[in-house]
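Below is one structure; the comments refer to it alone.
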Amino acid sequence: MTVAILALQGAFLEHGQMLDRLGADHFEIRQKKDLEQEFDALILPGGESTVMRKLLKELDLYDTIKKKIEDGMPVFGTCAGLILLAEEVEDGSSCLGTMDIKAKRNAYGRQLGSFHTEQEMKGLGTIPMTFIRAPYIAEVGEKAEVLAEVDGRIVAARQGNQLATAFHPELDNDVSVHRYFLNMI
Ligand code: GLN
């Protein structure tokens with residue numbers, strides 16, 4: 001099993017470290033020819049979704065990635081990655097739009113831009129959650145399932161082959177969310 005990690009920008013290295021700990025092969029996608037390698041799943045990391053959206057288009061990665069997700073390839077978006085997956089983004093900047101959720105960017109305001117908590121995630125128990133200028137999921141459509149909430153706001157959801165978290169599991173020591181994702185493959 002091989003996992004591709006989108007590595008245009010942001011916190012992609014840390015996802016590779018999590019996969020190393022779980023013994024999963026992985027490689028980085030930086031340009032179009034990287035998509036020619038075979039892979040079974042994809043991680044969209046945190047970072048700046050507007051920059052990633054621009055680069056996905058400019059580097060001509062967008063159509064192939066979108067098609068693979070629509071064809072059922074497992075994908076895991078963290079933070080900015082969640083925004084890339086969302087069908088609707090409150091400021092109108094949707095990207096891949098494959099997941100039936102509405103994301104609100106920079107949703108916790110300046111003061112609360114970054115924080116850490118421990119909360120329940122469905123099927124995983126209590127796990128650490130680190131939020132950095134995070135979005136939350138303002139609405140979940142019929143096709144998606146809520147997996148975690150913090151203070152009444154949805155911070156993790158799944159829709160079939162697609163998993164999205166507003167927090168950064170790759171920045172904590174706990175590998176359970178990545179293990180959950182690998183079990184989706
Ligand atoms: N605020 C960023 C965005 O809108 C996401 C932040 C993150 O990925 N840590 O893309």
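Some values worked out for this structure:
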{"item": "Nonlocal amide H pairs with Ala134, under 5 Å, H built at 1.01 Å", "result": "Ala107, Tyr108"}
{"item": "Relative exposure of Arg21, Arg53, Arg30, judged by other C-beta atoms within 10 Å (fewest first)", "result": "Arg21, Arg30, Arg53"}
{"item": "Cβ-derived FRET efficiency at R0 35 Å, Arg153 paired with Asp20, nearest 0.05", "result": "0.65"}
{"item": "Ascending count of other beta-carbon atoms within 10 Å, so fewest first, for Leu44, Leu147", "result": "Leu147, Leu44"}
{"item": "Linear extension gain, Lys67 paired with Glu28, 0.36 nm per residue minus alpha-carbon span", "result": "12.2 nm"}
{"item": "FRET efficiency, Glu118 to Arg179 (Cβ-Cβ, R0 22 Å, nearest 0.05)", "result": "0.80"}
{"item": "Reachable lysines, given that their alpha-carbon falls under 27 Å from the alpha-carbon of Lys57 and they are not under 8 places away in the same chain", "result": "Lys32, Lys33, Lys66, Lys67, Lys68, Lys102, Lys104, Lys143"}
{"item": "Environment charge of Tyr180, counting only residues whose C-beta is closer than 10 Å and scoring Lys/Arg +1, Asp/Glu -1", "result": "+3"}
{"item": "Surrounding net charge for Arg105, when Lys and Arg each add one and Asp and Glu each subtract one, Cβ distance under 12 Å", "result": "0"}
{"item": "Charge context of Leu56, other residues only, Cβ under 11 angstrom, K/R +1, D/E -1", "result": "+2"}
{"item": "Cα-based shape type of the stretch 120-185, given that a ≥ b ≥ c are square roots of the gyration tensor eigenvalues and the cut on a/c is 1.5", "result": "oblate"}
{"item": "Exposure proxy ranking, count of Cβ atoms within 10 Å, fewest first, for Ser93, Ser114, Ser49", "result": "Ser114, Ser93, Ser49"}
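Each value in this text was obtained by applying a stated rule to the coordinates, not by laboratory testing. Note that the structure is a prediction, hence the values are computed from the model and not measured. No Cβ is skipped: glycine too gets one built from the backbone with ideal geometry, and neighbour counts run over all protein chains shown.
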